[in-house]
Every structure is written in structure tokens, then in C-alpha cells.
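Enquirer: The structure that follows is given in the form of C-alpha cells.
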Amino acid sequence: MNNRLLSVDVFRGFTIALMITVNSPGSWSNTFSPLLHADWNGITLTDFVYPFFIFIVGVSIVLSRNNKGTTSSKKGIILRSIKIFILGVFLGAFTESMYHFMSTGGLPSLSDIRIPGVLQRIAIVYLTCAIMFDYTNWIQQLIIMLSILILYYVCMQFIPVPGIGPGVLEPGKNLAAYIDSILIPGSMWEGTWDPEGILSTFPAISSGIGGMLAGYVLTTKKTIERKVIILYFAGFICLLDSFIWEWLMPINKNLWTSTYVMHTTGWAFLTLATTTLLCDILKLHSWFKIGIIFGSNSIAIYALSQMMTYFAYGMPILNTTFNGMIYGGMIEIGVYPKLASLVWALTYTSVCFVVAYYLYKKKIFLKL
């Protein structure tokens, strides 16, 4: 594995580590605000995690296909997308089933199973971008990315929602929520709307295309120093665009607004430029070994973190849970609640790291 790929693994690995940390607080009611999603409009540190991972999916498509020197088979792309999608549905169903069983003693009905989800959206973005790689060049992909964002903005602002009207971006009252209420089977995350819904997946594809554009920069024959400069420049342009566009459309993770895409893509370019600078130019990748280890089995470790939630939070051990023993124990001895919640989250992430480290040392790299 070359340094360039190590810089991408560092980016991917720390993104996964942060994703696990923000998803696993000791208590949602006692969490530092940067580790929570914005209530609606606006952005926090946590809101960068998901688009960063999708951005890296786009980068990885270009790097892996470029290294192979040939295009992957359509069958392989479709099969991998289906496996990632099914894994996402399974993880959601597993968690729902475990908690439902604990509370009622039975299993949930099919209508309680949520079809959309994090891995499901990643699967769709991967499928779209990987196929796009074979049939378009980077200029066409840039045009597609911007066209999706502009069209999404126009649809959300000017297409009227029955009984509500056009331009409403409130929870459950916007065009994306209306379409999801008609087309998504089963349960939605927030009842009347879903943050991984159908319409909002289109701008998420633009996030993936942004990553592909960064991947093209990394695979050019330019010097590594010039590549870093281009990545920094692209990041600043995206951020400038998001600041201007925000006058017309708010940054909103739940709706995956066009401004949200440009803002997070801008920071993703800057972050990738920085990891490339540190790993490829300054040769400091050994300082970021934790990120490399997490990044080498990212989806597998994410799946593990999701499956562990029941055993950590729900399964009783000596009339309590692991969460009750560790987080609850810290509260009992007087630790500041938000600090105790963070310590639990870091402990949870550390357990996942132990598994990631074992796989890395054994050179076991689980791929779907």
C-alpha cells in the first residue's frame, strides 16, 4: 500500500472513529453539543462525519479503479452495492429487533423495519458513482454534480407540497418528506420524514462525485505538492460557494441541502489535502496509525459498532448493563455527566479499535 493510499486511509479511519464516538454517547441527554447533530438548520462537528465518508467512497472509486488499470465488471459493482444495502437493512432490523424484544418480549412487525439508512445510502452512492466512472470524464461529472445540486435547490424551493405550498423546509413539511411518505415502505426514522430518504439521496450522490473529483487530482501526474495545492484551492472554492448559496438555502444535514453538500465537500477537500500533506510530503503517516488501522476495515468496524449497541446498552448484566456500570458508575462517583458520557463513548470506540487492530495485524481486510 503506497503513502497516497495511506493518507486516504487516515482520512477514512478517523472519520469512522468519529462516527462511532458520536453514535455511542453514555447518554444522549448528557452530550457535548459538537457531538450532537444540529437540531435542524446549521452544522456541528458530528454533521461532517457522514458526508466525509461518502466523499471518501468517491475518492476510493477513482483510486482503486485507477490502480487496477481496468474498469470493474458491472456485475461486481451491482453485487457489492446490493451487499452493502442488505447489510444496512440487516443492522437496522437487528437493533430494532433486540430492543423490541427487550421491551415487549416479541419481535417487531415488518412495518416497523426501516429500509433507508446510512449503509443503504452509501450503497446507492457507490453504485451510481462507480458506473458513472466508466461512462463519463471528470468534467462531465462536475457538470452532473452541479446540475443535481441546482435542480435539487429548485425542486425544494419551488415545487409546492400539497396542503403546504412551495419553499417550506420545515421538518416533515417539505418536498423530500412528502415524496418519502409516498414511496418509502415500512418505518421512517422520524415518523413523518427520514434523513436518508429518496429525494435527499440525489445531493448525497453529488457528495460522492466531489470525492471522485478529489480522486482524479490524486491520480494525476502532477507533483504531490501541486496536488495538495489544487485540493486546498478546490476546498476554498466550495466553501466560498456554500457561504454565498446559504443566503438562499440553509445548511441542513437532514435534508442534505445543496449548501450542505458544498460546505462539507469543501472541508473534505481541505482535510484530504492536509492528510496528504502530512502523510505524503512530510512522511508523518506513522503518527496517524490509529486512523490507518480503523480505515483498513471501515465498513466491518462500523457494522461491529452497530451490532454491539444492544450488548452495551440493552443486555442486562447483574441487573444492569455495561453502559449502566461504566457511565452510570462515573455519574455515581460525581463525574461531570457530559464528561462521563464522552469517556463512555471513547471507551466504546476503543473496544472497536481493539478488533480493528487485531484484523490489521493479522492482515485480514474484510471487503463486501
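Every number in this text was worked out from the coordinates using simple rules, so none of it is lab data. Note that the structure is predicted; figures quoted are calculated from it, not measured. Positions of Cβ are generated from backbone atoms using ideal geometry, with glycine treated the same way; all protein chains shown enter the neighbour counts.
Enquirer: May I ask which of Lys75/Lys367; Lys221/Lys363; Lys74/Lys361; Lys289/Lys361; Lys221/Lys361; Lys283/Lys367 have a Cα-Cα span longer than 21 Å here?
Expert: From the list (Lys75/Lys367; Lys221/Lys363; Lys74/Lys361; Lys289/Lys361; Lys221/Lys361; Lys283/Lys367), the Cα-Cα distance tops 21 Å for Lys221/Lys363; Lys74/Lys361; Lys221/Lys361; Lys283/Lys367.
Enquirer: Any chance you could run the full-extension gain for Ile229 through Tyr336? It's 0.36 nm times the residue separation minus the Cα-Cα distance, nm to one decimal.
Expert: Using 0.36 nm per residue and subtracting the Cα-Cα distance, I get 34.2 nm.
Enquirer: Shifting gears a bit: Please order Ile82, Ile326 by the number of other Cβ within 10 Å, starting at the fewest. Write out the running numbers ahead of the final one.
Expert: Numbers: Ile82 13, Ile326 18.
Ordered from fewest to most neighbouring Cβ atoms within 10 Å, Ile82, Ile326 come out as Ile82, Ile326.
Enquirer: Just name one of Gln120, Ser60, Leu183: the one whose Cα is farthest towards the positive end of the charge dipole of the range 3-361 (beta-carbon charges, Lys/Arg +1, Asp/Glu -1).
Expert: Of the listed residues, the answer is Ser60.
Enquirer: Summing Lys, Arg as +1 and Asp, Glu as -1, what charge do residues with Cβ under 14 Å from the Cβ of Lys74 carry, Lys74 excluded?
Expert: Charge balance in the 14 Å sphere: +2.
Enquirer: Can I ask one more? How much length would be gained if the chain were fully extended between Lys173 and Lys283, taking 0.36 nm per residue of separation minus their Cα-Cα distance, in nm to one decimal?
Expert: 34.6 nm
Enquirer: Moving on. Which of the three applies to the range 3-361, rounded, prolate or oblate, going by the alpha-carbon gyration tensor with a ≥ b ≥ c and a/c under 1.5 meaning rounded? Provide the component values of the computation, followed by the final result.
Expert: Working: a/c = 1.57, a/b = 1.17, b/c = 1.34.
It comes out oblate by the Cα gyration axes.
Enquirer: Taking 0.36 nm per residue of sequence separation and subtracting the Cα-Cα distance, how much length would be gained by fully extending the chain between Asn67 and Ile164, in nm to one decimal?
Expert: So the extension gain works out to 29.9 nm.
Enquirer: Right, something else. Can you put Ser29, Ser187 in order of Cβ neighbours within 10 angstrom, beginning with the fewest?
Expert: So the ranking, lowest neighbour count to highest, is Ser29, Ser187.
Enquirer: Sort the range 145-258 into rounded, prolate or oblate with this rule: let a ≥ b ≥ c be the square roots of the eigenvalues of the Cα gyration tensor; rounded if a/c is under 1.5, and if a/c is not under 1.5, prolate when a/b is larger than b/c, oblate otherwise.
Expert: Here the range 145-258 falls in the prolate category.
Enquirer: List the DSSP H helices in the chain whose Cα atoms stretch 15 Å or more along the helix axis and whose mean Kyte-Doolittle hydropathy is at least 1.6.
Expert: The qualifying helices are 138-158.
Enquirer: In debye to the nearest 20, how big a dipole does the chain give about its Cα centre with +1 on each Lys and Arg Cβ and -1 on each Asp and Glu Cβ?
Expert: 1640
Enquirer: Quick one: which residues, 5 or more positions from Arg114 or on another chain, have an amide H under 5 Å from its amide H? H modelled 1.01 Å from N in the peptide plane, none for Pro or chain starts.
Expert: Excluding prolines and chain starts, which carry no amide H, the hits are Ser187.
Enquirer: Here's a follow-up. Fewest Cβ neighbours within 10 Å first, please rank Asp112, Asp9, Asp280 accordingly.
Expert: Fewest-to-most ranking of Asp112, Asp9, Asp280: Asp112, Asp280, Asp9.
Enquirer: So, one more: What net charge do the residues around Gly88 carry, taking every other residue with its C-beta under 12 Å from that of Gly88, with Lys and Arg at +1 and Asp and Glu at -1?
Expert: +2
Enquirer: If R₀ is 41 angstrom, what is the calculated FRET efficiency for the pair Tyr135 and Ser29, using the beta carbon separation as r and rounding to 0.05?
Expert: Details: r = 49 Å, r/R0 = 1.19.
The calculated FRET efficiency here is 0.25.
Enquirer: Is the range 154-212 best put as rounded, prolate or oblate by its Cα gyration tensor, with a ≥ b ≥ c the root eigenvalues, rounded for a/c under 1.5, and otherwise prolate when a/b is larger than b/c, oblate when not?
Expert: Details: a/c = 2.46, a/b = 1.29, b/c = 1.91.
Oblate is the answer for the range 154-212, as a/c is 1.5 or above yet b/c matches or exceeds a/b.
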